[in-house]
1. Filter region 5-32 down to the residues that are closer than 18 Å to LEU71 by Cβ and open to solvent by 20 Å² or more (accessible area, probe 1.4 Å), then identify the one that is modelled with the lowest pLDDT.
2. Tell me, which residue of region 110-131 that is over 15 Å from the mean Cα position of the chain (by Cα) and either aromatic (Phe, Trp, Tyr) or assigned to a helix (DSSP H, G or I) (or both) is nearest to ALA4 (Cα to Cα)?
3. If you check LEU47, LEU15, which single one turns out to be closer than 19 Å to ALA118 by Cα, hydrophobic (A, V, I, L, M, F, W, C) and not in a strand (DSSP E or B)?
4. Test VAL92 against the criterion of being in a strand (DSSP E or B), touching a residue at least 40 places away in the same chain (Cβ under 8 Å) and touching a Gly at 6+ places or on another chain (Cβ under 6 Å), and give yes or no.
5. Return the only residue of THR134, THR129, THR173 being among the polar types (S, T, N, Q) and in contact (Cβ under 8 Å) with a residue 60 or more places away in the chain.
6. Based on this model, can you work out whether ALA52 counts as of a type outside the set (Ser, Thr, Tyr), modelled with pLDDT of 95 or more and either part of a helix (DSSP H, G or I) or open to solvent by 70 Å² or more (accessible area, probe 1.4 Å) (or both)?
7. Show the residue pairs that are 6+ apart or on different chains and have beta-carbon atoms under 7 Å apart, the first residue being within region 23-41 and part of a loop (DSSP other than H, G, I, E, B), the second being among the β-branched types (Val, Ile, Thr).
Amino acid sequence: MPRARYGRDDILGILDAGMIAHVGVTTSEGPLVLPMAYGHDGERLYLHGAAANHLLGTGDGHEVCVTVTHLDGLVMARTPFHNSMNYRSVVVRGRATRIDDEPGKRRALKLVTDHVVAHWDAVRPPSQTDLRKTLVLELPLAEASAKVRAGDPVDEPDDIAGPWWAGVVPITTRFEPPEASADMTASAEPPTSIADLAGLTPDERP
């Protein structure tokens with residue numbers, strides 16, 4: 001079964017379920033890849049970091065590569081040659097552009113924040129100082145593709161009749177109940193958007 005997917009719904013569904021992207025650029029010291037939070041609006045992908053972030057600063061105006069991967073299971077075959085993994089992944093390539101205008105930067109940061117947990121409106125908004133310390137890049141989703149593997153191992157016909165076990169070991173990630181910071185002085189409760197995550201997988205987020 002072909003693993004490549006090019007449908008927009010497939011690509012956006014995988015991006016929606018993810019929280020960490022690995023961002024790669026070519027720097028003067030060589031290639032560099034870092035994990036980052038991200039957000040998207042269906043047309044563009046947004047990345048952010050410190051204003052002094054070397055990777056993002058180098059990526060501005062240049063081609064970058066962003067990958068998002070979910071590991072769903074270990075596929076254990078009757079011979080190690082056919083072991084595999086069940087996964088969903090997206091690769092996005094394109095020219096990254098810095099966002100400098102304040103409304104555009106705030107919108108992008110809200111998308112990144114709410115992509116992870118939708119609580120932008122429940123906390124203090126970024127100050128002017130916060131914005132000056134933050135670099136935001138946007139990347140078009142025009143050149144994006146997905147790759148998916150699901151299902152059982154594919155063993156040799158002769159091996160299927162043998163005595164060896166074969167199957168899939170599912171892998172899941174779940175959110176646990178939130179724990180208040182040790183320096184909390186107020187009696188505030190966690191926002192509903194955070195409290196409601198308990199027991200959910202990333203795919204089940206609101």
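The values are calculated or read from the model by the stated rules, or taken from the named source; none is laboratory data. As the structure is a computational prediction, the values presented were derived from the model and not from experiment. FYI the Cβ positions are ideal-geometry reconstructions off the backbone, even for glycines, and counts take in every protein chain you see. Heavy atoms of the whole protein, side chains included, go into the accessibility calculation; ligands, DNA and RNA do not. Shrake-Rupley method; radii C 1.70, N 1.55, O 1.52, S 1.80 Å.
1. Restricting to residues being closer than 18 Å to LEU71 by Cβ and open to solvent by 20 Å² or more (accessible area, probe 1.4 Å), the top hit is ARG5.
2. LYS110
3. Details: LEU47 fails: not in a strand (DSSP E or B).
None of the others qualify; the one that does is LEU15.
4. Details: in a strand (DSSP E or B): yes; touching a residue at least 40 places away in the same chain (Cβ under 8 Å): yes; touching a Gly at 6+ places or on another chain (Cβ under 6 Å): no.
No; evaluated as a whole, the condition is false for this residue.
5. Details: THR129 fails: in contact (Cβ under 8 Å) with a residue 60 or more places away in the chain; THR173 fails: in contact (Cβ under 8 Å) with a residue 60 or more places away in the chain.
Selected residue: THR134, the only one of THR134, THR129, THR173 that is among the polar types (S, T, N, Q) and in contact (Cβ under 8 Å) with a residue 60 or more places away in the chain.
6. Working: of a type outside the set (Ser, Thr, Tyr): yes; modelled with pLDDT of 95 or more: no; either part of a helix (DSSP H, G or I) or open to solvent by 70 Å² or more (accessible area, probe 1.4 Å) (or both): yes.
In short, no.
7. If the second residue must be among the β-branched types (Val, Ile, Thr), the pairs left are ALA37/ILE20; ALA37/VAL112; ALA37/VAL116.
Residues checked against (1) under 19 Å from the mean Cα position of the chain (by Cα); (2) more than 18 Å from ASP10 (Cβ to Cβ); (3) at pLDDT below 95:
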| residue | (1), (2), (3) |
| --- | --- |
| LEU45 | yes, no, no |
| HIS48 | yes, yes, no |
| GLY57 | no, yes, yes |
| THR69 | yes, no, no |
| ALA77 | no, yes, no |
| ARG88 | yes, no, no |
| VAL91 | yes, no, no |
